[in-house]
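Structure, as structure tokens:
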Amino acid sequence: MTGVQTCALPISFGALTLALLQAGRVPGTVWFLLALAGVVVLQDLVNGVRQRRSALRLLAQAARTLAWPAAVSLLAWWAAPRNLPMPAQALLTLALVTPFGTLIYRLAYESLADASVLVLLIVSVGVHFALVGLGLYFFGAEGFRNPSFWDQRFSLGGITLSGQALIIFAASVALIIGLRLYFERSLAGKALRATAVNRLGARLMGISSSSAGRLSFTMAAFIGALSGLLIGPTTTVFYDSGFLIGLKGFVAAVFAGLASYPLALVGALGVGLLESFSSFWASAFKEVIVFGAILPVLLWRSLRDPHAEDD
Amino acid sequence: MRRWAFPAFAAVMLALPLLPVPDFWITQSIYIGLYALVALGLVLLTGVAGLISFGQAAFVGVGAYTAAFLAVRLGLSPPLTLLAGLALCVAAALLLGALTLRMSGHYLPLATIAWGLALNYTMANMEWLGKYDGILGIPMLSLFGVELGTGRGLHPLVWSLALLAALGCLRLLDSRAGRAIRALKSGSTMAEAMGISTFRCKLTVFVIAAMLAGVSGWLFAYFQRSVSPSPFGINKGIEYLFMAVLGGVGKVWGAFAGAAAVRLTEDQLQVLLPRLLGTSGNFETIVFGIVLVGVLKYAPDGLWSFVGRWLPAPQRRRDWAGASALPRRARPPRGEALLQVQAVRKQFGGLVAVNDVSFEVAGGDIVALIGPNGAGKSTLFNLVTGVLPLSAGVVRWRGADIAGKPSRVIARLGISRTFQHVKMIPEMTVLENVALGGYGRTRCGALRAVLRLDRAEERQLFAEAEAQLARIGLAERAHEPAGNLALGPQRLLEIARALATDPALLLLDEPAAGLRHHEKQALAAVLRQLKADGISLLLVEHDMDFVMGLADRVVVMEFGTKLMEGTPAQVQASPAVRAAYLGTEH
């Protein structure tokens with residue numbers, strides 16, 4: 001759940017940032033990012049003064065927090081009116097949206113990391129509420145639709161494929177392979193998994209649970225922003241669209257039992273097909289059908305795996 | 001003081017329309033009552049039972065739309081529309097609950113989000129529900145021929161329902177069913193071991209929360225005299241959760257505090273923030289979101305804790321003197337083969353934690369299970385009591401195969417247990433914790449608790465709990481919160497709780513750990529007394545003095561296999577056992 005929400009809003013942020021860069025305007029993301037970084041610095045300062053840290057260390061910490069947001073913001077401010085090529089703007093967008101993950105983690109979650117799942121879930125709700133409202137403030141209520149990354153169309157035995165669809169598919173497969181390799185093969189990925197299973201145990205093995213949290217939120221923000229970039233050309237994105245898109249992704253992940261990337265892809269394809277067909281046959285009920293579809297999935301999962309205990 | 005707080009508050013709220021209060025405040029007060037009804041459900045669901053629902057606004061919507069549709073299109077009277085709305089809410093809650101409550105953690109929140117969204121889109125897209133315009137022209141609410149209007153007339157009805165709901169929740173929480181619900185938050189293993197069906201408990205709470213939301217929706221429809229989809233969306237669902245958390249999860253009056261705080265600030269923020277920010281929009285969510293995170297960080301007990309700490313803690317009146325005893329099961333005759341464990345096996349992946357272990361416990365026996373750490377003793381306990389499923393083997397209880405039965409069924413057959421890591425509800429008193437053990441021997445459910453038809457049985461239950469505490473030597477601490485106890489007395493509490501189930505066989509997992517020397521001696525005396533009363537004991541223990549002085553027979557395990565079985569003297573003389581504990585000489 002925490003994942004849904006942290007993945008969900010960067011979708012909107014990614015798409016909207018790119019749209020505003022395309023329009024030659026400095027995106028609201030810049031101010032949002034700077035404000036968020038400022039608040040985190042403030043929080044660190046208050047904590048630091050309380051713990052009587054030295055001024056030098058506090059300054060260094062503040063500089064570390066501010067460096068990336070400030071640099072990317074300056075770059076965005078410089079680049080916005082210059083109408084750079086699309087890939088450059090996309091990269092800039094990723095660079096702008098990804099740091100949101102860590103900043104939000106540090107603001108809302110870090111000091112609560114040892115709290116129960118229940119509390120974290122409610123915190124996520126609070127973060128979602130605040131981010132949606134702030135998204136409205138920084139981006140406005142206007143929706144945007146981005147131009148495609150690749151306008152080419154292919155026809156393959158009667159099926160027309162757009163270049164954009166191919167890019168989306170390639171990016172999904174690349175992410176699946178990348179995440180799989182990262183979590184199965186690399187030490188950092190295994191450390192992250194260990195933290196997810198047992199924080200205390202992982203900490204005793206020298207894994208910092210706070211950097212694990214920052215890392216996973218950064219990854220979630222990056223993936224969210226990337227999917228926002230990719231989805232931007234296919235639909236009109238508003239400041240709060242990410243929530244629904246993220247939820248549909250979660251429905252897909254439930255198909256996979258929240259544990260397998262390839263199965264999640266299959267689930268996502270299923271959700272997408274269901275949505276397309278229902279918008280064709282019964283457009284008024286599109287969302288009802290998509291979200292109603294979770295019920296049979298839950299039934300199947302509860303019959304298959306009834307003893308999922310949380311203790 | 002506490003006795004008068006509720007009647008005084010109720011009197012003020014019910015008499016409010018008679019006082020010279022401006023209409024604006026009457027309207028606000030009605031909203032607070034409506035919100036508090038929903039938040040009360042979430043206090044039970046989230047605060048007490050530890051379950052999350054984002055779909056409460058959808059249940060409000062079901063209540064409101066049912067009332068609106070039936071009143072406008074079919075001209076049905078308010079009581080009928082209420083019944084129909086409640087029936088729909090219950091049906092939806094049962095379906096969602098049945099699908100998700102058997103599974104862990106995030107499935108209920110997810111399902112309620114999906115349900116909230118799906119229902120909201122249905123309302124907004126259905127021709128016969130008026131699409132985005134909703135249903136207009138709902139008649140005024142009239143009961144027994146009296147038209148209540150939408151302001152001062154409706155206020156007493158809203159508040160009497162809200163106050164009755166609060167009273168019902170308080171009564172429920174102080175009852176057999178309520179204690180079972182309070183046990184849900186700390187995992188299901190202990191509750192199931194006390195004979196509680198945690199699934200049914202969760203379902204009960206979820207249905208109650210849905211019904212409270214449905215009542216609120218019914219009132220809402222007659223109050224607004226029109227319904228449209230927007231007040232029942234997912235954001236509103238989150239806002240209700242916010243009210244419950246802000247007020248203080250788990251506190252009945254917190255629901256009212258949270259509802260009042262949200263309602264009174266929402267209006268102000270909706271005016272203030274757009275002016276401050278210079279554009280229009282629902283910016284109050286920013287404040288709510290930040291406040292929500294802040295509350296969880298800095299005041300996790302919510303607003304009510306600031307009020308509640310000034311109120312004296314409620315004292316349980318000792319009204320069970322002379323209550324008749326709960327029925328006891330007939331003790332099995334001494335020497336009857338009670339528990340037969342035959343070639344029981346448990347594998348976790350490639351690890352064989354329990355490897356074809358067999359032994360027996362006869363009526364009136366004290367059998368000790370010993371072995372080095374990691375020998376599989378606690379796993380064996382979990383297999384016998386149905387906490388873990390067997391990989392292979394047979395467990396017989398008085399001749400009948402009980403392998404694979406859920407632990408609540410096994411508990412009701414007369415096998416009770418304590419846990420190696422104490423599992424209790426720290427915020428309940430010692431006495432209430434022990435009363436949890438009597439769950440399987442009593443009947444009264446949630447409805448009887450709300451109507452206070454359960455008092456005679458409650459007296460029996462508390463008399464039993466008190467007797468068991470006295471038996472174990474913990475009687476003078478009965479009214480303390482269980483969380484105040486040190487580890488040793490906590491273990492005694494678990495034994496008393498297990499005894500309250502009226503077991504024929506008691507499984508004790510390291511009962512003497514954390515006890516001082518003389519406390520151990522007292523415990524040994526109690527266990528001998530239990531044996532004399534015809535209760536058989538199977539215990540895991542590391543203190544050899546304790547075990548050897550107490551047990552009739554000792555089963556030794558090592559690396560999941562049974563090393564040997566015999567009298568304490570035989571075991572002490574065995575070179576194999578000595579090798580297992582101390583290593584071999586080379």
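The values are calculated or read from the model by the stated rules, or taken from the named source; none is laboratory data. Keep in mind that what you see is a predicted model, and the values were worked out from it rather than measured. Methodologically, a virtual Cβ is constructed for each residue, glycine included, from the backbone with ideal geometry; neighbour enumeration extends over all protein chains shown.
Which of the residues spanning the stretch B:341-364 are on the phi < 0 side of the Ramachandran plot, within 35 Å of the chain's Cα centre (by Cα) and crowded, with 19+ Cβ neighbours inside 10 Å? B:VAL341, B:VAL344, B:LYS346, B:ALA353, B:VAL354, B:VAL361, B:GLY363, listed by residue number. For the stretch A:6-29, the condition of being modelled with pLDDT of 90 or more, of a type in the set (Ser, Thr, Tyr), assigned to a helix (DSSP H, G or I) and under 23 Å from the mean Cα position of the chain (by Cα) holds for none of the residues.
For the structure I just gave you, tell me whether B:VAL90 is surrounded by fewer than 24 Cβ atoms within 10 Å (Cβ to Cβ), more than 11 Å from chain A (Cβ to nearest Cβ) and touching a Pro at 6+ places or on another chain (Cβ under 9 Å). Spelling it out, it is not the case that B:VAL90 is surrounded by fewer than 24 Cβ atoms within 10 Å (Cβ to Cβ), more than 11 Å from chain A (Cβ to nearest Cβ) and touching a Pro at 6+ places or on another chain (Cβ under 9 Å). Scanning the stretch A:275-305 for residues that are closer than 17 Å to B:ALA124 by Cα and of a type in the set (Lys, Arg) yields a count of 1.
Filtering the stretch B:71-80 to residues that are surrounded by fewer than 21 Cβ atoms within 10 Å (Cβ to Cβ) and more than 36 Å from the chain's Cα centre (by Cα) leaves B:VAL72, B:ARG73, B:LEU74, B:GLY75, B:LEU76, B:SER77. Restricting the stretch A:108-127 to residues that are in a helix (DSSP H, G or I) and more than 7 Å from chain B (Cβ to nearest Cβ) leaves a set whose member that is nearest to the chain's Cα centre (by Cα) is A:SER124. Listed by first and then second residue, the pairs with beta-carbon distance under 8 Å, at least 6 apart or on different chains, first residue in the stretch B:3-14 and touching a residue at least 40 places away in the same chain (Cβ under 8 Å), second outside any helix (DSSP H, G or I) and exposed (fewer than 14 other Cβ atoms within 10 Å of the Cβ), are B:ALA5/B:LEU311.
Checking the stretch A:184-205 against the condition returns no match, with no residue being closer than 30 Å to A:LYS286 by Cα and acidic (Asp, Glu). Does the stretch B:559-572 contain any residue that is part of a helix (DSSP H, G or I), free of Cβ contacts under 8 Å to residues at least 24 places away in the same chain, polar (S, T, N, Q) and closer than 26 Å to B:GLY335 by Cα? Within the stretch B:559-572 (the criterion being part of a helix (DSSP H, G or I), free of Cβ contacts under 8 Å to residues at least 24 places away in the same chain, polar (S, T, N, Q) and closer than 26 Å to B:GLY335 by Cα), the answer is yes, since at least one residue qualifies.
Of the residues that make up the stretch B:519-537, is at least one among the aliphatic types (A, V, I, L, M) and outside any helix (DSSP H, G or I)? Scanning the stretch B:519-537 turns up at least one residue that is among the aliphatic types (A, V, I, L, M) and outside any helix (DSSP H, G or I). All of A:ALA171, A:ALA225 fail the test of being assigned by TED's automatic domain parsing to the domain that holds A:THR29, at pLDDT 85 or above, under 20 Å from A:LEU96 (Cα atoms) and surrounded by fewer than 18 Cβ atoms within 10 Å (Cβ to Cβ), apart from A:ALA171. Residues in the stretch B:421-443 that are under 17 Å from B:GLY483 (Cα atoms), assigned to a loop (DSSP other than H, G, I, E, B) and more than 15 Å from the chain's Cα centre (by Cα): B:HIS421, B:VAL422.
If only one of A:GLY232, A:GLY189, A:GLY224, A:GLY228 is under 26 Å from A:PRO69 (Cα atoms) and in contact with a Phe, Trp or Tyr (Cβ under 6 Å, 6 or more places away or on another chain), which one is it? One residue alone meets the criteria, A:GLY189.
Conditions (1) more than 30 Å from B:THR379 (Cα to Cα); (2) in contact with a helix residue (DSSP H, G or I) (Cβ under 8 Å, 6 or more places away or on another chain), marked per residue:
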site	(1), (2)
B:TRP310	yes, no
B:SER324	yes, yes
B:ARG334	no, no
B:ALA343	no, no
B:ASN355	no, no
B:PHE359	no, no
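Among the conditions (1) more than 7 Å from chain A (Cβ to nearest Cβ); (2) farther than 20 Å from A:LYS248 by Cα; (3) in contact (Cβ under 8 Å) with a residue 60 or more places away in the chain, B:ARG102 misses just one, which is (1).
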